[in-house]
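*Asks:* Mind having a look at this structure? Questions to follow.
We did not get these values from a lab; they are worked out from the coordinates using the rules stated. What you see is a predicted model; the values in this text were computed from it and never measured. Cβ placement follows ideal geometry from the backbone for every residue including glycine, while neighbour counts extend to all protein chains displayed.
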Amino acid sequence: MEKILTEEQGNTLLALARQTISEKLGGEKQAAMPWDSALESECGTFVTLKINGALRGCIGNLLPSGSVAEGVQRNALNAAFNDSRFAPLTAGELPQVEIDISVLSKPQKLEYKDGEDLIAKLRPGIDGVILQIGGAGATFLPQVWEQLPDPALFLDHLCRKAGMPDNVWRDAHPDIEIYQVQCFEEVTR
């Protein structure tokens, strides 16, 4: 993916996410951060929280919903307090949390003939995948390829996440969109 933001801008977003969560937990209000007009660009964003490498929350939006900065703030709060897979984050956990931010390219429809063609066209480690059949759908960020490097297994788990049988992607010809991300990760403390 073409870089939308610099490392410095990404670090500003990481600090903004942490500050937003901290203030919600009753932490001291921080001084305004240095601002950059690039943070006003409109892209989808995801915020992922981990503790000791284990997922602790992940929420995002595939399409722009305001500026990148607004999306990061909203998704940081949602990942910390509204991910239904986890209890709300506590102030005691915050120092252990590692924050990852993904800034997404616009999703593009992937044309394919059948399941084998779909597997051949996916780029592990590069493509985030949105799978949809009717009203059911789910997405995996490109980072999920690290845990599921086999495309068939990746798609099986994506179907399961969407509430469908694992291998429905082989015959049901779901709508598939792909996107790429620019990822920023906090340096381990």
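*Asks:* Between Glu40 and Glu146, 0.36 nm times their residue separation minus their Cα-Cα distance comes to what? Each step should come with its number before you reach the end.
*Replies:* On the way: separation 106, 0.36 × 106 = 38.16 nm, distance 3.03 nm.
Length gained, Glu40 through Glu146: 35.1 nm.
*Asks:* Take the Cα gyration tensor of the chain, multiply each eigenvalue by 5, square-root it, and list the three semi-axes largest first, rounded to whole angstrom. Write out the running numbers ahead of the final one.
*Replies:* Numbers: eigenvalues 193, 66, 37 Å².
Each semi-axis is the square root of five times an eigenvalue, giving 31, 18, 14 Å.
*Asks:* As a footprinting exposure proxy, order Asp83, Asp127 by other Cβ within 10 Å, with the fewest listed first.
*Replies:* On the way: Asp83 19, Asp127 24.
Placing the least packed residue first, the sequence is Asp83, Asp127.
*Asks:* Could you identify which residue out of Glu40, Glu28, Glu98 has the top mean-square fluctuation in a GNM of the chain using Cα springs shorter than 10 Å?
*Replies:* Maximum fluctuation in the GNM of the chain, among the listed residues, is at Glu28.
*Asks:* For the chain, give the magnitude of the charge dipole about the Cα centre (Cβ charges: +1 Lys/Arg, -1 Asp/Glu; no others), in debye to the nearest 20. Numbers along the way, then the final one.
*Replies:* Numbers: 17 positive and 27 negative charges, 85 e Å.
Computed about the Cα centre, the dipole is about 400 debye.
*Asks:* Okay, next question. So if I take the centroid of the Cα atoms in segment 107-138 and the same for segment 154-169, what is the distance between those two points in Å?
*Replies:* The distance from the Cα centre of segment 107-138 to that of segment 154-169 comes to 12 Å.
*Asks:* Please find, in a Gaussian network model of the chain (springs between Cα atoms separated by less than 10 Å), the residue of Leu14, Leu49, Leu94 whose mean-square fluctuation is greatest.
*Replies:* Leu94
*Asks:* Report the extension gain between Asp166 and Gln96 in nm, rounded to one decimal, defined as 0.36 nm multiplied by the number of residues separating them, less their alpha carbon distance. Mind dumping the intermediate values first?
*Replies:* On the way: separation 70, 0.36 × 70 = 25.20 nm, distance 3.40 nm.
Length gained between Asp166 and Gln96: 21.8 nm.
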